Amino acid sequence: MALMTGDEYIESLRKLKTRVYIFGEQVENWVDHPIVRPSINSVKMTYDLAQDPKYQDLMTATSNLTGEKVNRFNHLHQSTDDLVRKVKMQRLLGQKTASCFQRCVGMDAFNAVYSTTYETDEAHGTHYHENFINFLKMVQKNDYVVDGAMTDPKGDRNLAPHAQKDPDMYVHVVERRDDGIVVRGAKAHQTGSINSHWHLIMPTIAMKEADKDYAVSFACPSDADGVYMIYGRQSCDTRKLEDTKNDCGNPKFGGQEALVVFDDVFIPNEYVFLDGEYDFSGMMVERFAGYHRQSYGGCKTGVGDVLIGAAALAAEYNGVQKASHIKDKLIEMTHLNETMYACGIACSAEGHKTKAGNYLIDLLLANVCKQNVTRFPYEIVRLAEDIAGGLMVTMPSDKDFTSDTVAGKNGETICDICHKYFAGDASVPTVDRQKLMRFIENMCLGTAAVGYTVESLHGAGSPQAQRIMIARQGNIEGKKELAKAAADIED
Ligand code: SF4
Ligand code: FE
């Protein structure tokens, strides 16, 4: 089997015994849970589009490991062209789902772990690269979703992993056996963890010798003994439990984050990709973060495309589409969105080959990309809210829009009154305006805002993390030399 269909993907999830807790209780059938399902639908789109001949170039690639056709989400980038296609694929998926489609964390982890294990082996004589290649071949063959997991809970941020009061604040090795290791800890804010078949764990920071047991990377099935997940709630998530879908905003798709706990999980040697080589922890982190910062130049611009479209529609429904300030706001939103995309493409085009052979983005440009992403979606949201008007947060519920309770002196129902007073352009059904306002609300403040604004800020590292990298990569010394030469200053 090379490529699964979307439906086969959903059926494959049903076979897993993944332990999931939502609102304090274990959920057996999480695949059909109304809060979880939209996030599964988003991942399903990565399978559906890979089946569509129209998107073959973006959605699939030829594996350098097996020569077989694989989903691009499971591919090791073989050129700068592959890196560019990755960003284009993510924009496409953002446009189709208007949410986080989750599968990129695995792709970014594959590419980071592949090149880091190569260099770790070179320095330490270990065999992690071979382990990893065998693991990835299995993933490609089965077309699995793998959750790249990096962020530890971190406890007191002022203390190194080994110095924490609670030693489990970072994932660590608690036992070494002949046949493998036992790990304990948790990964927080894990995108798409429940919807993944496997997990690929990486350390979250550069480490020193005292943190040896924390410098660990490995893979394990999502339903391995000792692994469980506590679902992250999102603003307005319980609207998905209501009978109507008209108040959801984006009823079909969504993102997903969870706390993933490793409660003394045994990892066989063949799935270990780093164990104690603390000097390579930083490389893995930097590369994964770099790839994921590139990713945001794709996914967030795709989601931005939908929000810009929604704002333009809202203007039409209100009859103000010809106003010059509306046109100007749409221009500004487009300018911001395309700037993020330009950075995603630029860091890809300027990528280079790693020692292992796959391609890495230009790290400075990837960090500049993500730094813009920590700001521009907020401005795009502000402009979308400006154009949409206050109705996006004051409109009555769909139950009111369908209520037959009589309220008016002439027998008008609540439904009649809502449709009368919330009508805009007479050619547009009020229900369309209602759905659109809810969609914009969802993107700016509801469940989708997790993926569009706050994730833009903190996902792939908070703004300060990029500034540290920009400082490191910015070559101020080199620029000083340029200034001296231009000003004819001699040393
Ligand atoms: Fe992919 Fe974007 Fe979600 Fe990260 S935030 S997993 S890049 S869609
Ligand atoms: Fe993310």
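Figures for the structure shown
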{"item": "Fully extended contour minus Cα-Cα distance, from GLU68 to PHE266, at 0.36 nm per residue", "result": "68.1 nm"}
{"item": "Among ILE230, SER462, TYR452 - extreme Cα towards positive end, dipole of the chain, charges at beta-carbon", "result": "TYR452"}
{"item": "Sorted peptide list for 349-356, 291-298, 229-236, 303-310, criterion being average Cβ within 10 angstrom, highest first", "result": "291-298, 303-310, 229-236, 349-356"}
{"item": "Reciprocal of mean inverse Cα separation for the range 205-292 (Kirkwood radius, Å)", "result": "16.4 Å"}
{"item": "D_trans [Stokes-Einstein, Kirkwood Rh over alpha-carbon pairs] for the chain, 10 °C, 1.306 mPa s, µm² s⁻¹", "result": "67 µm²/s"}
{"item": "Cα centroid separation - the range 403-429 against the range 309-334, whole Å", "result": "26 Å"}
{"item": "Distance in nm between pseudo-label sites at ASP48 and LYS399 (7 Å out along the Cβ direction from Cα)", "result": "3.0 nm"}
{"item": "Computed label-point distance, nm, for sites THR334 and GLN321 using a 7 Å Cα→Cβ extension", "result": "1.4 nm"}
{"item": "Within-15-Å neighbourhood charge of GLU385 [Cβ basis; K, R +1; D, E -1]", "result": "-1"}
{"item": "Reach of LYS154 by Cα under 18 Å, taken over lysines that are not fewer than 8 positions away in the same chain", "result": "LYS165, LYS187, LYS208, LYS212"}
{"item": "Two-site label geometry, THR5 and ASN29: point separation in nm, points 7 Å out along Cα→Cβ", "result": "2.2 nm"}
{"item": "The chain - mean residue ellipticity at 222 nm from DSSP helices (-39,500 (n - 2.57) per run, n ≥ 4, rounded to 500)", "result": "-14500 deg cm²/dmol"}
{"item": "Gap separating the Cα centres of the range 214-270 and the range 271-294, nearest whole Å", "result": "22 Å"}
{"item": "Degrees between helix 376-388 axis and first principal axis of the chain (Cα, 0 to 90, nearest 10)", "result": "10 degrees"}
{"item": "Cα-based equivalent ellipsoid, the range 6-284: semi-axes from gyration tensor eigenvalues, Å", "result": "30, 24, 16"}
{"item": "Protein accessible area in the chain, 1.4 Å probe - carbon and sulfur %", "result": "52 percent"}
{"item": "Where no second cysteine Cβ lies under 4.7 Å, the cysteines concerned in the chain", "result": "CYS100, CYS104, CYS220, CYS236, CYS248, CYS299, CYS347, CYS415, CYS418, CYS444"}
{"item": "Relative packing of 276-284, 117-125, which averages over residues the other C-beta atoms within 10 Å, highest first", "result": "276-284, 117-125"}
{"item": "Unit Cα scatterers, Debye sum, the range 333-389: log10 I(q)/I(0) for q = 0.14, 0.26, 0.27, 0.29 Å⁻¹", "result": "-0.46, -0.94, -0.98, -1.05"}
{"item": "Long-range amide H partners of VAL227 with built H, under 5 Å", "result": "ASP263"}
{"item": "Extended-chain gain in nm, criterion 0.36 nm per residue less alpha-carbon gap, THR238 and GLU130", "result": "34.4 nm"}
{"item": "Added length on full extension, which subtracts the Cα-Cα distance from 0.36 nm per residue, ASP156 to ALA487", "result": "114.4 nm"}
{"item": "For the chain: accessible area per residue (Å², 1.4 Å)", "result": "42 Å²"}
{"item": "Förster radius 56 Å - calculated FRET efficiency between GLN473 and VAL406 (Cβ-Cβ, nearest 0.05)", "result": "0.25"}
{"item": "Interchain or long-range residues, amide H under 5 Å from VAL174's placed H", "result": "VAL182, VAL183, ARG184"}
{"item": "Helix 363-373 vs. the chain, principal-axis angle (Cα, 0 to 90°, nearest 10)", "result": "20 degrees"}
{"item": "Average Cα contact separation per residue, the range 294-475, under 8 Å, 6 or more apart, as relative contact order %", "result": "28 percent"}
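The values are calculated or read from the model by the stated rules, or taken from the named source; none is laboratory data. This structure is a prediction, so every number in the text was calculated from the model and none was measured. Every residue, glycine among them, receives a Cβ derived from its backbone with ideal geometry; neighbour counts consider all protein chains shown. We work out accessible area using only protein heavy atoms, side chains counted, and drop any ligands, DNA or RNA first. Shrake-Rupley method; radii C 1.70, N 1.55, O 1.52, S 1.80 Å.
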